[in-house]
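Please see the structure below; I have some questions.
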Amino acid sequence: MSTGPQTADSASPEAAPPVTPAEAKTSSVAALGAIVGGALALQIAATIVNTVIPLKMALAQKAPLLIGVVGSAYSVGFLAGCFVIPAFIRRVGHIRAFAVFAALQAAFTLSFALSPIDAWGLSRLGMGFAGAGHAICIESWISGQAKAGQRGRIFGMYQILNRLALIGSQIGTGYVSMQSNDIFLIASAVFSLALIPVGMTRARGPESGEVISVRLNTIWQYAPASVIGCLYVGLMGGALTNVAPAYGILIGLDQKWAILLTAGIQIGALVLQWPLGLLADRVESRIIMLSATISVVLCTLALGAVLLFALPHSRLWLFGLFALIGAGSMPIYTVAVAHAYFRLGRERALGLSAQLLFLWATGSAIGPLVSASFMQGLGPQGLLIYLGLLSAAAAIYLAFRIRLKPPAASPFGERPAATIPDVAPAGRQPAAA
């Protein structure tokens, strides 16, 4: 027998007993299990699509610039969704909204099998819009159901499970033929399966409150390193996710190694995500970000040397160095958000997270287009030049900021103690507020 909120149904209407703490806890656990199960299914399906599209376009000998445009289309749709979707979720509720966005994702995925490659940007635009809806549903649901003292641990475990699902589905995609459209049918089916755990839950979704806004110029004034950090992760992640699979094909790797190269980026990010988060509690956040960006510059130089001198076991070198690039770039988002929370306070966490998410998504929309333009003009190694120059620019700015004394006070009152934030990008998608 269920011990959730529905247990009151068995009592008479005149004397319905109140929900006990144990019942509330069970309801919370059930709701969290449902949304995490649905989220993992979404991650698997989205990763299949994100990996297959640049690979199929590269195998079809499409121009790198077109690959970048299609990759950027997703983030443009995501940005648009961030503006309009929160009001929609407040109106219909989390469960109905989740179902709507899963149906949209499944339909757009099928459209790749039915439309010419040159038109795939339109479908990616729609998937980005629906992806923003899912990100907002998932992260706000988890935040609303988890207890205050457990949010950090629950979010951390969710991030680990999410990235494991991402890595596993990337590697699994390497064993599917890119010459067939069956892979899109599989991904569409998985998007549909994500509805099952959410649709079957008897727990109610969280209540949606109002968002207290934080202006971007306020964040820039009090935490400019966070602005640069979030933009940097978006610019790097957009290129590494949407262009790197095509890069592997263009430099002569076979399908499996091209996908393994992309999986290596996520493996590196997974390994360092938790340690960097813990380090942000003890070390100045800007120093962590500076060290990470410098490590990415060194890795791009090492990659150039490996390819220039055709070193033995070059594929293993590529995998290892791309893993280090992922480790030095992807987890910076958590550190940047921790820095912003420390400088501006947690009482406006929802509005602050929304603005930092906007910065991430802006970078993610620009990154694939600019990196693909580098590849279009300079050849496949233009991707490494883009990654190295971007990381060098970020490192120079962070070194400059460390030398300056920041404003002494938070604009909203007392300066809070440093703490790891409750939000971070989940796998490829950002954690929406």
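Roughly what percent of Cα-Cα pairs across segment 236-372 reach past 21 Å?
47 percent
Separation between the ILE287 and ILE396 pseudo-spin-labels, each 7 Å from Cα along Cα→Cβ, expressed in nm?
Each label point lies 7 Å from its Cα, and together they span 2.4 nm.
State in Å² the accessible area per residue of segment 52-103; use a 1.4 Å probe, count heavy atoms of protein chains only, and round to the nearest integer.
38 Å²
Turning to a different aspect of this structure: How much FRET efficiency would the formula 1/(1 + (r/R0)^6) give for ASP254 and ARG96, where r is the Cβ-Cβ distance and R0 is 45 Å, rounded to 0.05?
0.55
Mind ordering 158-170, 247-259 by average Cβ neighbours within 10 Å, highest first?
The packing order, highest mean first, is 158-170, 247-259.
Any idea how far apart LEU308 and ALA119 come out in nm if each label point goes 7 Å out from Cα toward Cβ?
4.6 nm
What FRET efficiency would be calculated for the residue pair ASN217, ILE196, taking the C-beta separation as r and a Förster radius of 45 Å, to the nearest 0.05?
0.50
The values are calculated or read from the model by the stated rules, or taken from the named source; none is laboratory data. Computed from a prediction, not measured in an experiment: that's the story for all the values here. Note: ideal-geometry Cβ built from the backbone for every residue, glycine included; neighbour counts use all protein chains shown. What goes into the accessible areas is simple: the full protein's heavy atoms, side chains included, and nothing from ligands, DNA or RNA. Shrake-Rupley method; radii C 1.70, N 1.55, O 1.52, S 1.80 Å.
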